[in-house]
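Report on one structure; see the data block that follows.
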């Protein structure tokens, strides 16, 4: 492609130089011919014929150069249009390996299409540091990936902004499967290959190095929203435990205005009785004092 661009830039320069140099060479030829007494051979008619022929050749050369540059320009426009069309349907499959928001030791896998087109025939392969493909049962961590049908058999299609997410494993469980190796020693690559709707092939690569998780810690003890949902669940269970019937309905004793009026009347009667007793006692005490 750079060589072709250099050729396109050199052709106009050579054409211009040729067009400018042709009349000069012709005039120098006439001067030289007159000096060697060849001017008698060239009549006026023959001179005009030579000038017309040279002009015709010059116009033909310029027309050829213009046609050639126009053809190059058309090819460049076609390439740009094709490139824009391919970019408008190009998918971009991304593989993400990350810790869950619920707990730091729970590892998740996310496959998403961030491109502008549908991804078809999405396939995944695993490679070690040396570039050798890792098969099943050869690596304990890779086996956890291959347990997912998506990772072992691939996806037929993945739409625009479509996402696939799944839980993979817990660090505590995988640690027991790595015989004599450090939990942070695994290192491998995930190669993702896919096609667009026209069959154009693409590929991406994700490097997974467990050393990146070494000495990493979290604060807060997990996702606050997850904790809040757990607390709401406990509160719901407590409210359900308060129900006494099989219909799960709460039995509530209501307190109406009639109840308040009856309570007020009963209190007033009790006060009147206490007042009468108090007056009777005072009257008896006064009688005893007078006697």
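The values are calculated or read from the model by the stated rules, or taken from the named source; none is laboratory data. Values in this document were obtained by computation on a predicted structure and should not be read as measured data. Glycine gets a Cβ as well: all are built from the backbone with ideal geometry, and neighbour counts include every protein chain shown.
Taking residue 204, is it more than 30 Å from residue 85 (Cβ to Cβ) and modelled with pLDDT of 75 or more? So residue 204 fails the test. Scanning the stretch 89-102 for residues that are modelled with pLDDT under 90 and either in contact with a helix residue (DSSP H, G or I) (Cβ under 9 Å, 6 or more places away or on another chain) or under 30 Å from residue 196 (Cβ atoms) (or both) returns 98, 99, 101, 102. A single member of 63, 58 is at pLDDT below 85, assigned to a helix (DSSP H, G or I) and touching a helix residue (DSSP H, G or I) at 6+ places or on another chain (Cβ under 7 Å), and it is 58. The set of residues from the stretch 102-119 being touching a residue at least 60 places away in the same chain (Cβ under 8 Å) and touching a strand residue (DSSP E or B) at 6+ places or on another chain (Cβ under 7 Å) comprises 105, 106, 107, 108, 118, 119. Kindly check whether there is at least one residue in the stretch 174-188 that is surrounded by 11 or more Cβ atoms within 10 Å (Cβ to Cβ) and part of a helix (DSSP H, G or I). Scanning the stretch 174-188 turns up at least one residue that is surrounded by 11 or more Cβ atoms within 10 Å (Cβ to Cβ) and part of a helix (DSSP H, G or I). Residue pairs whose Cβ atoms lie under 8 Å apart, separated by 6 or more positions or on different chains, with the first residue in the stretch 73-86 and under 14 Å from residue 200 (Cα atoms) and the second not in a helix (DSSP H, G or I), are 86/196; 86/198; 86/200. Consider the stretch 118-137 and keep the residues that are part of a loop (DSSP other than H, G, I, E, B) and touching a helix residue (DSSP H, G or I) at 6+ places or on another chain (Cβ under 7 Å). The one that is farthest from residue 195 (Cα to Cα) is 137.
In this entry, residue 150 passes the filter for residues that are over 30 Å from residue 219 (Cβ atoms), touching a strand residue (DSSP E or B) at 6+ places or on another chain (Cβ under 9 Å) and in contact (Cβ under 8 Å) with a residue 24 or more places away in the chain.
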